[in-house]
Each structure stands twice: as structure tokens, then as C-alpha cells.
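> Pasting a structure below so you can have a look.
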Amino acid sequence: MAPSITESAEVRQIKQTAYHHGNLRRAIIDAALEAITESGPAGWSLRELARRAGVSHAAPAHHFGDKAGLLTAVAAEGFEVFADSLERAADDVLEVGVAYVRFAIDHRPYFEVMFRPELYRMNDSSLKTARERAAHVLVTSAGRLSPSPGQDRLTTIAAWSLAHGFAGLWLSGALPETAHGDPEALARSLIRLFFGTTH
């Protein structure tokens, strides 16, 4: 990016240093997360994102190829954070569900991309690895709730639907409790109600 006439040598040096240290990629992802927070995963272009990040118009394409490439990186990073969160709770089935809801609320821009596979490249290796880590915790936890091995898959879908659906309702403001309620406490109560957990 050509520096503007008013841009100081110090600012140019900072930008060049950030670029050479690989921070440009991070800056673009952070700008994407901000844009997703403001207008969702579809409401912006790479050109707008470059302006937001203060980088050249070519920088996002150079690092990610296209918007799908950038959203793939966002989804991969999101699944890594998600998997970490679920793994920390893995010893307690109830807390896995709560961790799911907490992640959705605390990391909304990731959540809005991760479960929209039409937005990104599902075959990306880093994304697949992180997604499989998260899925392993969810499937294992649901297996402990399942009444019989033959119902493991149905139980997994039911538990996933409960956590994901509740998180979506909370984030959309559809629940009256969203204004003043505690999403984690409510999530725990719902999981106990549906699965009879005694924790």
C-alpha cells in the first residue's frame, strides 16, 4: 500500500513491521470478526474489509484468496476455540452443554460462521481437525446421556439441537429472558429437564 502524504515515517515503519511479522493476517481476521459482529457474515466485501483493517485492497486476497478463504480461516479459528472450550468441560456432560452456549454468546462472530458451511471450504485441513475435536466431545458426552447404544445418534442430535437452538434463540433476542436472565443457568435447567441429569 502506498503511504499517504500525511502518513508519518513512524506509522509506515509500524505497518511494515507488522506485515513482516505476519500480523497482517491477524489484522484481517480481526477486521472480519468486527464486520461479522456489525453486519453478519455476508454484509461486507473484501475491499471494505481492507479499508477497515487499514491495509491495501490486495492484502485480503493475497492472504486468503477470496471471501470464502477468509471465512474458512474464521471458521477454523472458531472451531479451535470451540473445541478448547468443550474439552475443558468434557468431564461433566451438563457443563459441555453450558460451554456450548457460553461459546456462542462470548464468540458470536465465530458462531455465526461456523455452522454455515455454505460460506467456507469444508475440506480445509485445519478446519476439519478442529471440527472433529469438537464433535468428539459432543458425541462422547451425548453417548453418556443415551438410553441405549442404538439411540446414541438420536441423543447426539437432540443434545446438539437443544444447545444450538437455545443459543440461537438467546442471541436473536427471541426469549424474554435475554434482557435480564442468566443464559448459563437457564441452559443448565433446560439440559436437566430434557436429559434428567442430576449434577
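The values are calculated or read from the model by the stated rules, or taken from the named source; none is laboratory data. Keep in mind it's a predicted model, so treat the numbers as computed, not measured. Every residue, glycine among them, receives a Cβ derived from its backbone with ideal geometry; neighbour counts consider all protein chains shown. Just so you know, the surface numbers come from the protein's heavy atoms only, side chains and all, with ligands and any DNA or RNA stripped out. Shrake-Rupley method; radii C 1.70, N 1.55, O 1.52, S 1.80 Å.
> Give me a count of the residues in region 90-134 that are under 17 Å from Gly69 (Cβ atoms) and of a type in the set (A, V, I, L, M, F, W, C).
Summing the residues that are under 17 Å from Gly69 (Cβ atoms) and of a type in the set (A, V, I, L, M, F, W, C) in region 90-134 gives 6.
> Of all the residues that make up region 103-127, how many are in a helix (DSSP H, G or I) and open to solvent by 80 Å² or more (accessible area, probe 1.4 Å)?
Restricting attention to region 103-127, the residues satisfying the condition of being in a helix (DSSP H, G or I) are 103-106, 108-114, 117-119, 125-127.
Then drop every residue that is not open to solvent by 80 Å² or more (accessible area, probe 1.4 Å), which leaves 106, 108, 118, 125.
Summing the residues that are in a helix (DSSP H, G or I) and open to solvent by 80 Å² or more (accessible area, probe 1.4 Å) in region 103-127 gives 4.
> While we're on this one: For region 140-151, enumerate the residues that are surrounded by fewer than 17 Cβ atoms within 10 Å (Cβ to Cβ) and either in a helix (DSSP H, G or I) or modelled with pLDDT of 95 or more (or both). Break it down into steps so the answer makes sense when it comes.
As a first pass, look at region 140-151 and keep what is surrounded by fewer than 17 Cβ atoms within 10 Å (Cβ to Cβ): 140, 143-144, 147-151.
If the condition is that a residue be surrounded by fewer than 17 Cβ atoms within 10 Å (Cβ to Cβ) and either in a helix (DSSP H, G or I) or modelled with pLDDT of 95 or more (or both), then Thr140, Gly143, Arg144, Pro149, Gly150, Gln151 are the ones that fit.
> Is there a residue being in a loop (DSSP other than H, G, I, E, B), open to solvent by 40 Å² or more (accessible area, probe 1.4 Å), more than 24 Å from Lys67 (Cα to Cα) and of a type in the set (Ser, Thr, Tyr) anywhere in region 183-190?
We begin by selecting, within region 183-190, every residue in a loop (DSSP other than H, G, I, E, B); these are none.
Scanning region 183-190, I find no residue that is in a loop (DSSP other than H, G, I, E, B), open to solvent by 40 Å² or more (accessible area, probe 1.4 Å), more than 24 Å from Lys67 (Cα to Cα) and of a type in the set (Ser, Thr, Tyr), so the answer is no.
> In this structure, does Ile29 turn out to be modelled with pLDDT under 90 and either more than 30 Å from Leu171 (Cβ to Cβ) or under 18 Å from the mean Cα position of the chain (by Cα) (or both)? Please lay out each step first, then the result.
Values: modelled with pLDDT under 90: no; either more than 30 Å from Leu171 (Cβ to Cβ) or under 18 Å from the mean Cα position of the chain (by Cα) (or both): yes.
Against the criterion (modelled with pLDDT under 90 and either more than 30 Å from Leu171 (Cβ to Cβ) or under 18 Å from the mean Cα position of the chain (by Cα) (or both)), Ile29 does not qualify.
> Quick test of your reading of the structure: Gly43 fulfils all but one of (1) open to solvent by less than 50 Å² (accessible area, probe 1.4 Å); (2) farther than 19 Å from Pro117 by Cα. Name the failing condition by number.
Every listed condition holds for Gly43 apart from (2).
> Can you name the condition, by its number, that Asp92 falls short on among (1) touching a helix residue (DSSP H, G or I) at 6+ places or on another chain (Cβ under 6 Å); (2) of a type outside the set (S, T, N, Q); (3) surrounded by fewer than 19 Cβ atoms within 10 Å (Cβ to Cβ); (4) in contact (Cβ under 8 Å) with a residue 40 or more places away in the chain?
(1)
> I would also like to ask the following. Could you figure out which of (1) among the polar types (S, T, N, Q); (2) out of contact with any helix residue (DSSP H, G or I) (no Cβ under 8 Å at 6 or more places or on another chain); (3) within 27 Å of Ala73 (Cα to Cα) isn't true of Ser126?
So Ser126 meets the others, but not (2).
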